[in-house]
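Written below as structure tokens is the structure these notes are about.
The values are calculated or read from the model by the stated rules, or taken from the named source; none is laboratory data. Computed from a predicted structure; not experimentally measured. Cβ placement follows ideal geometry from the backbone for every residue including glycine, while neighbour counts extend to all protein chains displayed.
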Amino acid sequence: MTRILLTLFLLLTATGSAMAETTAYDFTLTGIDGKPMPLAQFKGHPVLVVNTASECGYTPQYEELEALWQAYKDKGLVIIGVPSNDFGGQEPGTASEIASFCKLNYGVTFPLSDKTVVKGDKANPFYKWAGEQAGMLGRPKWNFHKYLIGADGRFVDWFSTPTKPMSPKITAAVEKALAAN
């Protein structure tokens, strides 16, 4: 009995250690072009991942996301917009429609993923991982929820939908993540 308990303990500890070592760089999104977008390609750069939608009251945040990207991309920040139709069906378009909308209306030049599930059992594995890191309160509850990942791929913080991308809260967190790089 003791041997069984010891084996079980070792297995659970090993599993827990492996989970703790998982970083954002272990995940891949699909780019808006349909090609794999491994997050590992951004190693060494802080990454702000934002679930987006084209028909949401918060859609104008694309403008501030682009401003944040322009202000910090040369310092190493990466922003990834992740279109999602999970909240109110507010991202009904195809990949090409979404890309065109973002470019024409907001001048978006930062990377976009293809439409992605960000909540629930069918969520993309990155979003499941980030949600576990953030805890129950830090999971997306609407469009334009933001996750900040450090240059080492570890979860740093989350920001709720109403938090504007150029807010002092986000810019301070981005600057701290860039300084830690």
Subset of segment 31-49 (residues that are under 20 Å from residue 146 (Cβ atoms) and part of a strand (DSSP E or B)) = 31, 37, 47, 48, 49
Among 123, 177, 151, 172, the single one that is of a type in the set (Gly, Ala, Ser) and surrounded by fewer than 19 Cβ atoms within 10 Å (Cβ to Cβ) is 172
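Restricting attention to segment 114-145, and to residues there that are basic (Lys, Arg) and outside any helix (DSSP H, G or I), which single residue is farthest from residue 37 (Cα to Cα)? First the steps, then the outcome.
Of segment 114-145, the ones basic (Lys, Arg) are 115, 119, 122, 128, 139, 141.
Adding the requirement that they be outside any helix (DSSP H, G or I) leaves 115, 119, 122, 139, 141.
Details: 115: 13, 119: 19, 122: 19, 139: 22, 141: 24 Å.
Checked segment 114-145; the qualifying residue farthest from residue 37 (Cα to Cα) is 141.
So that you can scan it fast, the table gives a plain yes or no per residue for (1) among the aromatic types (Phe, Trp, Tyr); (2) touching a residue at least 24 places away in the same chain (Cβ under 8 Å); (3) within 21 Å of residue 140 (Cβ to Cβ):
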residue	(1), (2), (3)
21	no, no, no
24	no, yes, yes
29	no, yes, yes
38	no, no, no
44	no, yes, no
47	no, yes, yes
50	no, yes, yes
55	no, yes, yes
67	no, yes, no
Name the one entry in 143, 105 that is surrounded by fewer than 21 Cβ atoms within 10 Å (Cβ to Cβ) and not small (Gly, Ala, Ser).
-> 105
Filter pass, residue 97 being at pLDDT 95 or above, out of contact with any Asp or Glu (no Cβ under 9 Å at 6 or more places or on another chain) and over 25 Å from residue 179 (Cα atoms) | yes
Do you know which residues across segment 124-157 are among the aliphatic types (A, V, I, L, M), within 19 Å of residue 87 (Cβ to Cβ) and over 12 Å from the mean Cα position of the chain (by Cα)?
-> 136, 137
For residue 177, which of the numbered conditions (1) in contact with a helix residue (DSSP H, G or I) (Cβ under 8 Å, 6 or more places away or on another chain); (2) in contact (Cβ under 8 Å) with a residue 40 or more places away in the chain fails to hold?
-> (1)
Are any residues in segment 53-83 buried (at least 19 other Cβ atoms within 10 Å of the Cβ) and within 23 Å of residue 154 (Cβ to Cβ), and if so, which ones?
-> 65, 68, 69, 72, 77, 78, 79, 80, 81, 82
Look through 57, 89, 153 and report the one residue that is in a loop (DSSP other than H, G, I, E, B), out of contact with any Phe, Trp or Tyr (no Cβ under 9 Å at 6 or more places or on another chain), under 27 Å from residue 172 (Cβ atoms) and at pLDDT 95 or above.
-> 57
